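**Student:** Got a structure for you, questions after.
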Amino acid sequence: MFPSNISASCFCALHIIFLALITSSNGDCGPPPRLIYAELLASFQGIADFPVGTSVSYNCRLGYQRIGGASNTTCLPDSTWPEPTVFCELRSCSSLSDIPNGQVHIESLTFGSEVNYTCNEGYRFITKIRTRTCQADGTWSGTDPVCEIVTCVPPDAITDGSYDPEKDEYAYQNSVTYKCKTGLTLVGENSIFCTAQGNWSSPAPQCKAVRCSEPDVPNSHKLSGFRGPYNLNSAVTFACDEGFSMKGSSSVTCGINSTWEPELPKCLIECLTPNVENAEILSELTGLYLLNATVSFECSKGFVLQGSNTVKCSINGQWEPPLPKCQTVACPNPQVPNAHEVSGFTGPYTLNSTLTFACEPGYSMSGSNYVKCNVGSKWEPPLPKCLTVACPNPQVPNAHEVSGFTGPYTLNSTLTFACEPGYSMSGSNYVKCNVGSKWEPPLPKCLS
């Protein structure tokens, strides 16, 4: 036994020195592994080297608890520390229940976790702290927050009216009902309630005297609502006199602002349906075409518009200017000498008819090989031309012909050259007459 006045730490130090004297020459271990869930005993902290065979122990960190297994590790002969099997786990707190008029929201019950609380709709917190945290000892911080019902102040009073019931304070979803004095009309919601936000669902209504003026629609007669007074929701129905057409609703009602809703109709002059053969009406109007109504037209495929494409219904019930006409488009027969047809050569040639040409052998095309009949009865672009192709006589000094040297040299004529002995060729020995009346590639040269 050691003397009682020798501390445990001194004993550990002596034990380490003793182990150092008897260990092999393999060397010491460095500091033991650092564990996220545990820490070394104080007696082993701050030491840089540990002899082989030294055993150190750990304690669980704050917020962790033992789950069994060895809580120590020993310096091995190869100067390494084996990491111990996990022997601590996060401490857990007990589950929490919902609070009166609210809920608790839990994601985890382990040390350090935080739970949040919310109040039900129509309730609000009366405590400042609305969260709790799982502590190191397995208990929750603080206490449950408190939710109380939302209240509203009394609603606004109204002129010439009242509401019921009257109280000093109204709780969430409490309601009041308004009414006006006799002869007045309530404008707005007659019943409103206290909302979850602590305000009223709608503004306070008003009490109004509603009276609409005599409904006068020229060129019409009434079918109902012959006599006033016209108060709120009074209705009148109209019909236009013969020769006039109605624009607007035939029935109107006296509204809350002492105006007719919708606005009073009009009885107007109507033009006949505009029919233009081989044309389509582009306007959105259908059925009735009243005074000042406008209509636009577009001719069908193969036709061209003669006249104005837009007309208007005039005061005399006629379309002005007069309705247009859609006439057939016809282009002339295509004549392109030294060309042959490829497609589209069956007449007659109407709007958007298309033609494709190709020149005869030995001819080159000037212009577009594709034309179209336009609204002016002309081919667009203009018809092409097929021109003779003639390349110049080939002059290559110090060369002799191999093949193709019988002129004239027309489109696609080919020549083959060979240089005289003692000369070498620069360029291609084979050339061809192209559509530009040029040899392609350029004539070669025979260089000494």
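The values are calculated or read from the model by the stated rules, or taken from the named source; none is laboratory data. What you see is a predicted model, and the numbers here were worked out from it, not measured in a lab. Here the Cβ is made from the backbone with ideal geometry for all residues, glycine too, and neighbour counts use every protein chain on show.
**Student:** Being of a type in the set (Asp, Glu), closer than 19 Å to Asn199 by Cα and surrounded by 13 or more Cβ atoms within 10 Å (Cβ to Cβ) is the filter here; which residues of segment 136-156 pass it?
**Tutor:** Going through segment 136-156, the residues of a type in the set (Asp, Glu) turn out to be 137, 144, 148, 156.
Going one step further and asking which of them are closer than 19 Å to Asn199 by Cα, we end up with 148, 156.
Within segment 136-156, just Glu148 meets the criteria.
**Student:** Of all the strands (runs of 3 or more DSSP E) wholly in segment 291-376, which have at least 1 residues that are basic (Lys, Arg) and farther than 30 Å from Thr388 by Cβ?
**Tutor:** Working: elements: 294-299, 303-306, 310-313, 325-328, 339-343, 354-359, 363-366, 370-373.
By residue number, 310-313, 325-328.
**Student:** Being touching a Lys or Arg at 6+ places or on another chain (Cβ under 6 Å), outside the structural domain of Thr131 (by TED's automatic domain parsing) and either assigned to a loop (DSSP other than H, G, I, E, B) or among the hydroxyl-bearing types (Ser, Thr, Tyr) (or both), is that true of even one residue in segment 188-201? Talk me through it step by step, then tell me what you get.
**Tutor:** As a first pass, look at segment 188-201 and keep what is touching a Lys or Arg at 6+ places or on another chain (Cβ under 6 Å): none.
The answer is no; no qualifying residue exists.
**Student:** Checking the structure you have, find out if any residue of segment 225-246 is touching an Asp or Glu at 6+ places or on another chain (Cβ under 8 Å), within 30 Å of Glu320 (Cβ to Cβ) and modelled with pLDDT of 90 or more.
**Tutor:** Of the residues in segment 225-246, the ones touching an Asp or Glu at 6+ places or on another chain (Cβ under 8 Å) are 228, 230, 244-245.
Right, trim to within 30 Å of Glu320 (Cβ to Cβ) and you get 244-245.
Still in the running and modelled with pLDDT of 90 or more: none.
There is no residue in segment 225-246 that is touching an Asp or Glu at 6+ places or on another chain (Cβ under 8 Å), within 30 Å of Glu320 (Cβ to Cβ) and modelled with pLDDT of 90 or more.
**Student:** List the strands (runs of 3 or more DSSP E) inside segment 117-164, counting only whole elements, that have at least 3 residues being under 15 Å from Leu96 (Cβ atoms).
**Tutor:** Details: elements: 123-125, 131-133, 147-149, 161-164.
Those strands (runs of 3 or more DSSP E) span 131-133.
**Student:** Are any residues in segment 79-107 in contact (Cβ under 8 Å) with a residue 24 or more places away in the chain, of a type in the set (A, V, I, L, M, F, W, C) and outside any strand (DSSP E or B), and if so, which ones?
**Tutor:** Trp81, Val86, Phe87, Cys93, Leu96, Ile99 - these are the residues of segment 79-107 that are in contact (Cβ under 8 Å) with a residue 24 or more places away in the chain, of a type in the set (A, V, I, L, M, F, W, C) and outside any strand (DSSP E or B).
**Student:** Continuing with the same structure: Has segment 86-99 got any residue that is of a type outside the set (Gly, Ala, Ser), over 60 Å from the mean Cα position of the chain (by Cα), surrounded by 12 or more Cβ atoms within 10 Å (Cβ to Cβ) and at pLDDT below 95?
**Tutor:** The answer is no, given that none of the residues of segment 86-99 is of a type outside the set (Gly, Ala, Ser), over 60 Å from the mean Cα position of the chain (by Cα), surrounded by 12 or more Cβ atoms within 10 Å (Cβ to Cβ) and at pLDDT below 95.
**Student:** Another question, if that's okay. Could you pull out the residue among Glu298, Glu277, Glu270 that is of a type in the set (Asp, Glu) and within 40 Å of the chain's Cα centre (by Cα)? Outline the logic, then answer.
**Tutor:** On the way: Glu277 fails: within 40 Å of the chain's Cα centre (by Cα); Glu270 fails: within 40 Å of the chain's Cα centre (by Cα).
It is Glu298.
**Student:** For segment 203-219, does any single residue satisfy the condition of being free of Cβ contacts under 8 Å to residues at least 24 places away in the same chain and not in a loop (DSSP other than H, G, I, E, B)?
**Tutor:** No: zero hits.
**Student:** In addition: Assess whether Glu320 counts as being surrounded by 13 or more Cβ atoms within 10 Å (Cβ to Cβ) and among the charged types (D, E, K, R). Break it down into steps so the answer makes sense when it comes.
**Tutor:** On the way: surrounded by 13 or more Cβ atoms within 10 Å (Cβ to Cβ): yes; among the charged types (D, E, K, R): yes.
Spelling it out, Glu320 is indeed surrounded by 13 or more Cβ atoms within 10 Å (Cβ to Cβ) and among the charged types (D, E, K, R).
**Student:** Suppose the filter is surrounded by 12 or more Cβ atoms within 10 Å (Cβ to Cβ) and modelled with pLDDT under 95; does Thr110 pass it? So that I can check it myself, show each step before the final result.
**Tutor:** Details: surrounded by 12 or more Cβ atoms within 10 Å (Cβ to Cβ): yes; modelled with pLDDT under 95: yes.
For Thr110, the condition - surrounded by 12 or more Cβ atoms within 10 Å (Cβ to Cβ) and modelled with pLDDT under 95 - is met.
**Student:** Related question: Can you tell me which of Thr159, Thr133, Thr177 is touching an Asp or Glu at 6+ places or on another chain (Cβ under 9 Å) and either exposed (fewer than 12 other Cβ atoms within 10 Å of the Cβ) or closer than 30 Å to Leu109 by Cα (or both)?
**Tutor:** On the way: Thr159 fails: touching an Asp or Glu at 6+ places or on another chain (Cβ under 9 Å); Thr177 fails: either exposed (fewer than 12 other Cβ atoms within 10 Å of the Cβ) or closer than 30 Å to Leu109 by Cα (or both).
Just a single option satisfies the conditions, and that option is Thr133.
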